[in-house]
Amino acid sequence: MPDADYWKYVATRDECAKHLFKGKAERFAYAQAKAFRFIDLDKTDKETVKNNWESLKIQNVCKAHYLVSGCNTIPSEKSTINQKSIFEAQKDKYVNTDEMVSILNSFPIFLYDYLK
């Protein structure tokens, strides 16, 4: 499930406006991750599900940290990746310069923020 290139994925403003970015994400999604898209939770052991969520959390938290600091790592302080800093970084690094946005899943960041 981990994707070494996740931190690089972006979508153009046009792709977002026309609701095309989900299809783009499908095309570049790590092949092994696609197998977990529709898993049967009754038939999948809890450890596998837990590990998948942990991978998603780490990828998205690291990417958020990359957005705000340039470091693709878990931040030393949780407050580093707050909504305002992520928004400002997206705007400054992607939206205003290349009319793009870095693809980021907010739910794993919520889990990191809430559970850590």
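Only Cα pairs within less than 10 Å get springs; with that Gaussian network setup on the chain, which residue of ALA64, ALA17, ALA89 has the largest fluctuation?
ALA17
Rounded, prolate or oblate: which fits the range 6-115 when a ≥ b ≥ c are the square roots of the eigenvalues of the alpha-carbon gyration tensor, with rounded for a/c under 1.5 and prolate only if a/b beats b/c?
Cα axes put the range 6-115 in the oblate bin.
To the nearest 20 debye, what charge dipole does the chain have about its Cα centre, counting +1 at the Cβ of each Lys and Arg and -1 at the Cβ of each Asp and Glu? Let's see the in-between values first.
On the way: 18 positive and 16 negative charges, 21 e Å.
Rounded to the nearest 20 debye, it is 100 debye.
Can you pick out the pairs among LYS43/LYS78; LYS18/LYS93; LYS18/LYS46 whose Cα atoms lie more than 27 Å from each other?
Long pairs (Cα-Cα over 27 Å): LYS43/LYS78; LYS18/LYS46.
List the pairs from LYS8/LYS84; LYS22/LYS84; LYS50/LYS91 whose alpha-carbon separation is above 30 Å, in the order I gave them.
In this structure, LYS50/LYS91 lie more than 30 Å apart at Cα.
Which one of ASP92, ASP14, ASP40 has the biggest mean-square fluctuation once the chain is modelled by GNM with Cα springs under 10 Å?
ASP40
May I ask you to sort THR97, THR12 by Cβ crowding, counting other Cβ atoms within 10 Å and putting the fewest first?
Starting with the residue having the fewest Cβ neighbours, the order is THR97, THR12.
Can you work out the Karplus-derived ³J(HN,Hα) for every residue in the range 9-16? Use 6.51 cos²θ - 1.76 cosθ + 1.60 with θ = phi - 60°, whole Hz, and x for glycine or proline.
Each residue's phi maps through the Karplus curve to give 6, 9, 10, 6, 4, 5, 4, 5 Hz.
Give the shape of the range 53-116 as rounded, prolate or oblate, defined through the alpha-carbon gyration tensor: a ≥ b ≥ c are the square roots of its eigenvalues, a/c under 1.5 means rounded, and otherwise the shape is prolate if a/b is larger than b/c and oblate if not.
prolate
Only the coordinates and a few stated rules stand behind these numbers; no lab work does. Treat the numbers as computed from the prediction; the structure is a model and nothing was measured. So basically every Cβ, Gly included, is an ideal-geometry build from the backbone, and we count neighbours across all protein chains shown.
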